[in-house]
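Trainee: Below are the structure tokens for one structure; questions will follow.
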Amino acid sequence: MLKAKELEASEGTRLRYKRVIERFLGFLGKKANRDLSALSADEVLRFRDREASERARATANLAMKVLRVCFGEAVRLGLITSDPAKRVKILKSIKESKRRDFTLPEIKRILKACGDNQEWRGLVLLGLYTGQRLGDLSRLTWRAVNLESSEIAFSTRKTGRRVVLPLMQPLVDYLSSLPASDDPNAYIFPRSAAHKRVARLSNQFRDILVEAGLVEPRSYKTTTKGRASARESSEISFHSLRHSAVTLLKASGLSDVFAREIVGHESAAISRAYTHLSTEDLRDAMQRVPDVTQ
């Protein structure tokens, strides 16, 4: 059933499914060899609670969603008659975690904290001036970049959405400073692209935030079983650059609808009600966004 869903999912989603299933099978131990129909809602419940205690509530809820998809597929294939995960509730958040955007002074502190790491400096600038996800930016190839027209074009891994955005001058300056490659398929950020899991890059970015004095060093809660886990959540992360992009675009005079469309936050309703902006329309609006490298 996992194989069936893998065919429909992106690489990142396949990896998340695989990791959840591996942890679930490890939790079941020898019971994993039983027939699927022998699985009970109580076992799924105990797995959910272990995920929450050893990782985080959001991770536990993601695991539940994965199990529901997989068991739902098993029901569809006639392997079981009911989905045991459906009878287990998603956990409510203890405290709603609100992501916020970075202020301009904070962004400058982040760039300073990148030091001599040019890859991370570039990822931060791209995150701010394109509002795109870390997983997409880290795997950009030179094929996506056209310095002559000052544009960047690629398809997002999560949704397959085609993105064509103007390159603001700070990005043109940064990309022009990098060693040229004759291979259009070469990664712009080869060290970052080598990481198959975006979580590792997220952890590296958090280290930069620590260096910038924006977050405290990571602390872990421990369970009664003695295992370090359950990372404390933070209101800022690389994703905050997406929020920053929206905020800066709106401050430059762009409507909330179009600002969110640029970074890929548009809803189906917005897509139906509004035509897409041309690259030149975007360029005109984005020219008014401050240059954080100055």
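Trainee: Calculate I(q)/I(0) for the range 160-208 by the Debye formula, one identical point scatterer on each C-alpha and no solvent, and give its log10 at q = 0.20, 0.23 Å⁻¹ to two decimals.
Mentor: For the requested q values the scattering log ratios are -1.05, -1.14.
Trainee: Find the percent of Cα-Cα distances in the range 2-87 that exceed 16 Å, and round it to a whole number.
Mentor: Numbers: 1863 of 3655 pairs.
That tail contains 51 percent of the Cα-Cα pairs.
Trainee: Right, another one. If I model a spin label at L36 and R218 as a point 7 Å from the Cα along the Cα→Cβ vector, what separation in nanometres do I get?
Mentor: Calculated label separation equals 3.5 nm.
Trainee: Also, I was wondering about something else. Return the subset of K18/K65; K86/K196; K158/K196; K65/K196 for which the Cα-Cα distance in this structure is over 24 Å, preserving the input order.
Mentor: The answer is K86/K196.
Trainee: By count of other Cβ within 10 Å, fewest leading, how are T130, T103, T247 ordered?
Mentor: Fewest-to-most Cβ neighbours within 10 Å comes out as T103, T247, T130.
Trainee: Which part of the range 16-44 falls in the paramagnetic zone of A199, meaning amide N under 13 Å from the point 7 Å along Cα-to-beta-carbon?
Mentor: So the set is 16-24.
No value in this document is a laboratory result; all are computed from the given coordinates. The shown structure was predicted, so the numbers you read here are calculated from the model rather than taken from an experiment. Note: ideal-geometry Cβ built from the backbone for every residue, glycine included; neighbour counts use all protein chains shown.
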